[in-house]
Amino acid sequence: MTQTAHGVEFTRQPSENPKSAEERAAILANPGFGNYFTDHTAIVDYSVDADGNGGWHDARIEPYGPIVLDPSAAVFHYGQEIFEGLKAYRHADGSVWTFRPEANAARLNKSARRLALPELPAEYFLGAIRELVAVDKEWVPSGDGEALYLRPFMIATEAFLGVRAAREVSFRVIASPAGNYFGGELKPVSIWISRQYARAGRGGTGDAKCGGNYAASLIAQQEAEANGCKQVLFLDQANDNAVEELGGMNVFFVMKDGSLATPALTGTILEGVTRMSVIQVAKDMGREVAERKITLDEWRDGVASGEITEVFACGTAAVITPIGVLKDATEFIGSEDAKAGEVTMAIREKLLGIQTGVEPDTHGWLTRLA
């Protein structure tokens, strides 16, 4: 069967062994994050012909399952891989919507350029998401704060060991029902300061969403978890210990005068879609937002003096999470007894309200999928 989405034809091969309604209901009752996956996957392939012309082709929906790759596939040896993350939300009327997918499509292509991967036309990106959600729409949860997490990714599949950009690539989308990223009741989290490790360097891949950045952050994340922290903070140690980002989230500060500040994008910080949305929502609420250099000293001194009244992190998976304590072996900034701040929660409520259809979408950020 062939379906057309955003002008691109997708063939559908339905799964012969989809989860039963009972199995799916049991999963949706407590989905966690990234633990379960829907019955299908969207795929579009890319290849270069004998004349050196590349193109995307064979857009399709297939049953979810293992990917068969040659052991010499470039993704295994040279790390040509990028990905995105966005969510599909079920609204009160049962319809399913996603949030700013065009921004994710644009960022995927920015990452592709940096990793020497082919750019994907937006119609393929949007069509793949729409088609996958259409066939697996029963997997979209409806609980408070729940959504279907969508993971588009692109990998170099060519079987070749020479060091050059791959000529065969696969773009895919998988989906996973998701609850609260940090689990349970929303409360401020503790963050570990990474003194030894850097997430990215100048001229590197810090502003690309590629697996290598996350792989480089995992050892610091392990250190954080060993010290009772949920996330790790990375600093630019060559730039006055300027705050960069967490392992997978951007950071915001609420100042005493009600304004917000967040680290400026320097090429080493990922431009989060949630980050840019928080900036706009805060401005809509009449708050000034500064994108500038913020050092660890300013964080420490600002909390101590009361100049900084709230700190929160944001990202697609967790949306907005308040930060209570920042610490390492010698530092302890903030309070373990801190409550989620009023400004933090107001912005979170507004943003989630737009995503779930409770608040008006004045910026045209929502796209209906099913």
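Return the inverse of the average 1/r over all pairs of distinct C-alpha atoms in the stretch 182-233, which is the Kirkwood hydrodynamic radius, in Å to one decimal. Intermediate results must be reported in sequence, preceding the final value.
Details: mean 1/r = 0.0824 Å⁻¹.
Taking the inverse mean of 1/r over all distinct Cα pairs, the stretch 182-233 comes out at 12.1 Å.
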Centre separation in Å (Cα based) which lies between the stretch 253-279 and the stretch 224-239: 18 Å
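Just how large is the dipole of the stretch 246-298 about the Cα centre, in debye to the nearest 20, putting +1 at every Lys and Arg Cβ and -1 at every Asp and Glu Cβ?
Numbers: 6 positive and 7 negative charges, 11 e Å.
With Lys and Arg at +1 and Asp and Glu at -1, about 60 debye.
What length, rounded to one decimal in nm, is gained on full extension from Ala50 through to Ala21, with 0.36 nm per residue of separation minus their alpha-carbon distance? The partial results should precede the final answer.
On the way: separation 29, 0.36 × 29 = 10.44 nm, distance 4.75 nm.
The Ala50-Ala21 span can extend by a further 5.7 nm.
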CD proxy at 222 nm, helix term only [per DSSP H run n ≥ 4: -39500 (n - 2.57); per residue of the chain; nearest 500]: -8000 deg cm²/dmol
Percent carbon-and-sulfur accessible area, the chain, ignoring ligands, DNA and RNA, probe 1.4 Å: 48 percent
Most positive-pole-ward Cα, Val278, Gly54, Ala238, against dipole of the chain from beta carbon charges: Ala238
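Pairs Lys87/Lys230; Lys87/Lys256; Lys230/Lys293; Lys87/Lys187: which are spaced more than 30 Å apart, C-alpha to C-alpha? Present the calculation step by step, with values, prior to reporting the outcome.
Working: Lys87/Lys230 22 Å; Lys87/Lys256 33 Å; Lys230/Lys293 24 Å; Lys87/Lys187 22 Å.
Those over the limit are Lys87/Lys256.
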From phi via Karplus (6.51, -1.76, 1.60), per-residue ³J(HN,Hα) for the stretch 82-93 in Hz, x at Gly/Pro: 9, 7, 9, x, 8, 10, 10, 10, 8, 8, 4, 7
Whole-angstrom gap from the stretch 323-364 to the stretch 28-100, using each part's C-alpha centre: 30 Å
Phi to ³J(HN,Hα) by Karplus 6.51 cos²θ - 1.76 cosθ + 1.60 over the stretch 122-139, Hz, x for Gly, Pro: 4, 5, 6, 4, 5, x, 5, 5, 4, 5, 5, 5, 4, 7, 10, 5, 5, 7
Accessible-area value, Lys230, 1.4 Å probe, nucleic acids and ligands omitted, Å²: 100 Å²
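If you take the alpha carbon radius of gyration of the chain and divide it by 2.2 N^0.38 Å, what ratio comes out, to two decimals? Don't skip to the answer; put the middle values down first.
Values: Rg = 21.0 Å, N = 370, 2.2 N^0.38 = 20.8 Å.
Taking the Cα Rg and dividing by 2.2 N^0.38 Å, one obtains 1.01.
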Principal-axis tilt of helix 101-114 within the chain, Cα atoms, nearest 10 degrees: 90 degrees
Ordering of 71-83, 344-356 by packing [mean C-beta count within 10 Å, highest first]: 344-356, 71-83
Helix axis angle, 211-226 relative to the chain longest principal axis, alpha carbon, degrees: 40 degrees
Rg/Rh ratio calculated on Cα atoms of the stretch 144-218 (Kirkwood radius): 1.07
Tilt relative to the chain, helix 342-356 - C-alpha long axis, 0 to 90 degrees, to 10: 20 degrees
Contact order relative to length of the stretch 1-79, as percent, for alpha carbon pairs under 8 angstrom and 6 or more apart: 32 percent
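Highest first, please rank the peptides 245-256, 323-334 by the mean number of other Cβ atoms sitting within 10 Å of their residues.
Details: 245-256: 22.6, 323-334: 17.8.
Per-residue mean Cβ counts within 10 Å order the peptides as 245-256, 323-334.
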Net charge over other residues, Cβ less than 12 angstrom from the Cβ of Ile43 (K, R count +1; D, E count -1): -1
The stretch 359-370 - phi-based ³J(HN,Hα) in whole Hz, Karplus 6.51/-1.76/1.60, Gly and Pro as x: 9, x, 9, 6, 9, x, 7, 8, 10, 6, 10, 7
For the stretch 117-272, convex hull volume per residue from C-alpha positions, Å³: 187 Å³
Difference of contour (0.36 nm per residue) and Cα-Cα distance, Lys339 to Asp70: 91.7 nm
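The values are calculated or read from the model by the stated rules, or taken from the named source; none is laboratory data. This is a predicted model, so every value here is computed, not measured. Neighbour counts are summed over all protein chains in view; Cβ atoms, including those assigned to glycine, are modelled from backbone coordinates with ideal geometry. Note: accessible area is taken over every heavy atom of the protein model, side chains too, but ligands, DNA and RNA are not part of it. Shrake-Rupley method; radii C 1.70, N 1.55, O 1.52, S 1.80 Å.
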